[in-house]
Amino acid sequence: MRRYSAFAIAREGARYHTGWERAWKSPAPKKRYDAIIVGAGGHGLATAYYLGKNHGIKNVAILEKGWLGGGNTGRNTTIIRSNYLQDPSAAIYEKARSLYETMSQDLNYNVMFSPRGVMMLAQTEHEIRGYERTAHANALQGVATEFISPQRVKELVPIINIHGPRYPVLGALWQPRGGTARHDAVAWGYARACSDMGMDIIQQCEVTGVRRDGNKVIGVDTTNGTIDCDKLGVVVAGHSGVLADMAGFRLPIESVALQALVSEPIKPCMDVVVMANTVHGYMSQSDKGEMVIGGGADGYNNYTQRGSFHHIEETVRALVETFPMISRLKMLRQWGGIVDMTGDRSPIISRTPVENMFINCGWGTGGFKAIPGSGWAMAELMAKGASPLADEFTMWRFGEGKFIDESVAAGVAH
Ligand SMILES: Cc1cc2nc3c(=O)[nH]c(=O)nc-3n(C[C@H](O)[C@H](O)[C@H](O)COP(=O)(O)OP(=O)(O)OC[C@H]3O[C@@H](n4cnc5c(N)ncnc54)[C@H](O)[C@@H]3O)c2cc1C
């Protein structure tokens, strides 16, 4: 059995980039696949992996217009938690969190899962009530969380100022087994496992059309030519509306850029993840020592993948009262990703109006944590036609008024 060190991850990346350059120049494979997955982000790769591992479906191609994990999967701030309010959400996010616990062993690839604990600060009376309610819901769902006092917050995060003049820390929702993982390692780990099962990962191959025979999908048009398939899984995050349009239906999704930034690396000073949703900012420290700081979404729909000055100012201004030490840090870099937002801030894992075409999207600002659970559910849906984890997340719930309202848990949080 091959063993991979943390350093080997970079080498692995290089290996897949070599494949991408090959695929770029070659025409599409002339074979028919049992399933095509569009999008080699974490959710698409996890879907392919569990199709093979759990259901024995290995004649699979994963088509990616850019490079492995180059979308939101490689751009997020890596927070993993499952402290959601509604039962269907807690079920899928906790399934995902528990799969993260053993992912490195499962994939034989170090994804650096670090269950260091995630805390969501309560900085208003409203938030205290909301998080206490979530803690009670989590107790019923079997998700280990608790509401902790400001003194306990200070013990866990010595650099925090709990007596801020505008928003003092009044307590926090604490999930001790939440944490972080190395985001691109998650993509590469799943990719290598899919490749080892004989699946084709074709990078620099953009899907430009969905081919149908009547109402049944029969393949896709790509920039490399046409490719046939029996089943199609679309897992393209911010471009979900574009792919749905190709297939002739509309999705209740809006795409918007979400931004983040990191500081210069400093010595270890904070070993938990802290989220401050009232002021909207959150922070953790990476293994390299950078303070990883998440900011807000643009206030208008767009397909850009860039940072902007006003978000740096807004985010740092929001956090500096609670973390005065960040006023002394230099920013190293800033970026953005295109997130796919639904009205109830819950995902869509669903059949579609086109037969044998399935869609997984709507993870918005918080889908990194869900990757293994989402892939597990999407694979089951594609293989068997239904999945208990996905039952409630259909695209038709918006028309039926069956929202899974997580706008407090996920509207601006991650
Ligand atoms: C700044 C930021 C911070 C975030 N922080 C967190 C966090 O802390 N915790 C958390 O849980 N979540 C977070 N998220 C959200 C999380 O990153 C996403 O929900 C998740 O990565 C979505 O994964 P995905 O596989 O669905 O999408 P992506 O990783 O975006 O993958 C979709 C892929 O589809 C490809 N594609 C698109 N169109 C086509 C086409 N026509 N043909 C072929 N390929 C196509 C794209 O190139 C892309 O690679 C954050 C997001 C951002 C942007």
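Straightening the chain between residue 355 and residue 136 buys 74.8 nm, computed as 0.36 nm per residue apart minus the Cα-Cα spacing. Think of the chain as a dipole: +1 on every Lys or Arg Cβ, -1 on every Asp or Glu Cβ, centred on the Cα centre; then among 364, 378, 299, 378 lies furthest on the positive end.
Ligands, DNA and RNA are left out, and with a 1.4 angstrom probe the accessible area of the range 277-363 is 42 Å² per residue. In this structure, residue 400 and residue 249 have a Cβ-Cβ separation that, at R0 = 22 Å, corresponds to a calculated FRET efficiency of about 0.85. Just check the range 85-190 against the gyration tensor rule for me: Cα atoms, a ≥ b ≥ c as the square roots of the eigenvalues, rounded for a/c under 1.5, and otherwise prolate or oblate depending on whether a/b exceeds b/c. Oblate shape, in that a/c is at least 1.5 and b/c is the bigger or equal ratio. From the Cα gyration tensor of the chain, with a ≥ b ≥ c the square roots of its eigenvalues, which class applies: rounded if a/c is under 1.5, or else prolate if a/b is larger than b/c, or else oblate? Since a/c reaches 1.5 and a/b is larger than b/c, the shape of the chain is classed as prolate.
With a 1.4 Å probe and all protein chains left in place, how much of the accessible area of the range 90-187 comes from carbon and sulfur atoms, in whole percent? Percent of accessible area from carbon and sulfur atoms in the range 90-187: 54. Once the Cα atoms are used to define both axes, helix 371-384 deviates from the longest principal axis of the chain by about 30 degrees. Solvent exposure of the range 62-178, expressed per residue, is 41 Å² of accessible area, with all protein chains present and a 1.4 angstrom probe. As a rough guide to protection, the peptides 116-128, 291-303 ranked by mean Cβ packing within 10 Å, highest first, stand as 116-128, 291-303.
Cross-link partners of residue 231 among lysines, defined as those whose alpha carbon lies under 24 angstrom from its own and excluding same-chain residues fewer than eight positions apart: 30, 31, 53, 58, 65, 216, 384. At the residue level, residue 146 shows approximately 90 square angstrom of accessible surface with a 1.4 angstrom probe and all protein chains present.
The gain in end-to-end length when the residue 320 to residue 218 segment is fully stretched comes to 31.3 nm, 0.36 nm per residue minus the alpha carbon separation. Enter the Cα centre distance for the pair the range 72-135 and the range 312-390, rounded to the nearest angstrom. Rounded to whole Å, the Cα centres lie 12 Å apart.
Taking a straight Cα-Cα cut-off under 26 Å and skipping sequence neighbours fewer than 8 places away in the same chain, the lysines within cross-link reach of residue 288 are 154, 267, 330, 369.
Using the Cβ-Cβ distance between residue 32 and residue 163 with R0 = 51 Å, the FRET efficiency computed as 1/(1 + (r/R0)^6) comes to roughly 0.20. Each of 195, 226, 159 was placed along the dipole of the chain (beta-carbon charges, centred on the mean Cα), and the one lying farthest toward the positive end is 195. Charging the Cβ of each Asp and Glu at -1 and of each Lys and Arg at +1, and nothing else, the dipole of the range 137-234 about its Cα centre rounds to 540 debye.
Label-to-label distance, residue 151 versus residue 303, with points set 7 angstrom from Cα along the beta-carbon direction: 5.5 nm.
Sequence-distant contacts, meaning Cα pairs under 8 Å at least 6 residues apart, place the relative contact order of the chain at 23 percent.
Between 61, 377, 247, where does the largest GNM mean-square fluctuation fall for the chain, given springs only between Cα atoms within less than 10 Å? Checking each option, the largest mean-square fluctuation is seen for 247.
Expressed as a whole percent, the accessible surface of the range 256-412 that belongs to carbon and sulfur atoms is 55, based on a 1.4 Å probe.
The values are calculated or read from the model by the stated rules, or taken from the named source; none is laboratory data. Just so you know, these numbers come straight off a predicted model, no measurement behind them. We place every Cβ from the backbone using ideal geometry, glycine too, and count neighbours over all the protein chains shown. Please note that ligands, DNA and RNA were not included when accessible areas were found on the heavy atoms of the full protein model with its side chains. Shrake-Rupley method; radii C 1.70, N 1.55, O 1.52, S 1.80 Å.
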